[in-house]
Amino acid sequence: MNSINDVASAFEILSERQTNSPEGLTKRNTTTVEVLDSRLEENDTPPKNFWEKVLRFVEVKQHHASATRRSESIVESFLYNDDLAPVEAKRRVWTWKQFVFFWISGSFNVNSWQISATGLQLGLNWWQTWICIWIGYIAVALFVVVGSRVGNFYHISFPISSRISFGIYFSLWIVLNRVVMACVWYSVQTYIGSQTVQLMLMSIFGTDLDTRIHNTMNTPNITTFGFMCFMLFWGAQLPVLWFPPHTLRYLFALKSIISPFAAFGFLIWTLKKSHGNLALGSLTEVHPSGAILGWNFIRSIMSALDNFSTLILNAPDFSRFSTTKRSSIYSQLFILPLMYAIISIIGILVTSAAYTMYGVNYWSPLDVLAQFLNHYTSGNRAGVFLISFAFGIAQLGTNIASNSISAGTDMTALLPKFINIRRGSYICAAISLAICPWNLMASSSKFTTALAAYAVFLSSIAGVVAADYYVVRKGLIRLQHCYTNHRSTLYMYGSRYGTNWRAVVAYVVGIVPNFPGFIGSVGPTVPIGAMRVYYLNYFVGYLVSFLVYSALCYYWPVAGMPEGVGYFDFSRWFERWIEVEDFAEQRRRFELMGYEDADFEDDSSASMVIVGNKEKV
């Protein structure tokens, strides 16, 4: 029997002993753990053939245990690995300033301009569009803060927080949803970044560069020149993927300095070119009124939430690096809507000024920059190059922060034996090549349809996670139970399948109200009522899944709920700041001996809990 099977057998035997003889577990001590680990290391046999050598070479070596030379099984590494372990103090380096820099850098990108122009594309005037932006991003900030707290206090990422509500194994499906969305978004943001490369090259070599390079692409949405720029920007991101997430605060700080100068410079330049003339009314041929105007107002608000549906889910991926209890709370709550309102008003004014000059309602600032190059003077060429370069840096930072890190973190939950955050980020980059984002970005209507489609599925996940943390558990989390598949533990939900059926039902029910409108958005005709429900997609999915899950847990309670507290009694809150410096050792004792060092302490709780018989000692 090889060492991998030895490990699996040892864990299986010990878990059986834990269940059958809980009294004997209290007699085990850490010396037994050390002997067991040493024996496993000594029995670690060398590879027997070429393919075993290859597997040993590509597998991720974990360093959280004392036995670092031996291989871990796929299940063992899935349950606990370096990338998904709670973040210890030395890596918790994000103060409130880093979160401010993060959202300053995150807001100043081309995609934010395009979202702000959604209202103008729907026939709203400038001030109606800006009100929509404020309302939308205030709602976004609230959802982000709600999603951040579990990471802030317990230092865990989204893949682990999803285990708490959905179960250890069903969380794989939830994480897979997030991985798909992250890969799609990475591809879209890369394509937007490639358009900045096009402008830089055309400002140097001429505006006819796209025709001088022979087009061999069999699609109307991209040329050979455009695809070449896509690959250039795609390749420029690869070196940045190498760095660990907690070190990227320097990139966010740099981007937060460069991007605002470029954005305000672009605004001033455009206003000067238009001689201060702005088109302040509707920029479309159709001027909506009455109910149509009202629903277009709602759709403009929802574009902000649809744009953030992925980031709301993976908020713990960043908040887990917080240095204090409040690092990720108030900083995000205030800076996020403020910065997106600022960048949005810049985008609205640039679009309005460009309309007076060219008579076109541009939804992307890069289209306006391209118009500037039609007057091919040295000043225009230099200005377009510098602003495009700054926008390219902004796109790179946004793509790394919002998509590659999220995809990498989530992939470590899918196959951590061979994937860590760094490798997951590179896999995300590879997958992005097959998505063909130029088809999604062919028009603003296709883009907003894609955004809304994502929100349908992700909003119901977020609603379940929030209901579980705030209503059902009231902030009470047992960290040791998040990293084990023992059937008697809390988040296996009493089954070897590790699935919380209440969460699955609430997740599916949350999708149902939006699904007819989703079908209607891609072609078939559906009733107007279904479409209007769909226009409220994120609110509907979140609220329905939140209420359904809360109701199911009221009638069929889950294990791990606070004892002696009424279901609707929110006067007591059990969320605590947890220190995890010795978490690997605590988890090893938990797996081998069946008891946990209590993560939660109050006047009525003890310092130790026996898993097998749930007895407090």
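Some notes on this structure:
- When the trypsin sites (Lys or Arg not before Pro) in segment 272-343 are filtered for DSSP coil states and for at most 13 other beta-carbon atoms within 10 Å of their beta-carbon, the remaining sites are LYS325, ARG326.
- Full extension of the chain segment joining GLU581 with VAL93 gains 174.2 nm, where the gain is 0.36 nm per residue of separation less the Cα-Cα distance.
- FRET efficiency, LEU543 to THR216 (Cβ-Cβ, R0 51 Å, nearest 0.05): 0.55
- Length available on full extension from VAL508 to THR356: 0.36 nm per residue minus the Cα-Cα distance, which gives 49.9 nm.
- At full extension, TRP173 and PHE334 could sit 54.7 nm farther apart than now, given 0.36 nm per residue minus the alpha carbon distance.
- Relative protection proxy for 418-428, 390-400, 233-243, from highest mean packing down: 390-400, 418-428, 233-243 (other beta-carbon atoms within 10 angstrom).
- Here PHE57, PHE308 are placed in order of increasing Cβ neighbour count within 10 Å, fewest first, which gives PHE57, PHE308.
- Of the peptides 456-464, 505-513, 207-215, 548-556, the ranking by mean beta-carbon count within 10 Å, highest at the top, reads 456-464, 505-513, 548-556, 207-215.
- Whole-Hz ³J(HN,Hα) from phi, Karplus 6.51 cos²θ - 1.76 cosθ + 1.60, for segment 324-330, glycine and proline x: 9, 5, 10, 4, 9, 8, 5
Taken together, the values in this text are just the output of simple stated rules run on the coordinates, not laboratory data. Quick caveat, the model's predicted, so the values are computed rather than measured. FYI the Cβ positions are ideal-geometry reconstructions off the backbone, even for glycines, and counts take in every protein chain you see.
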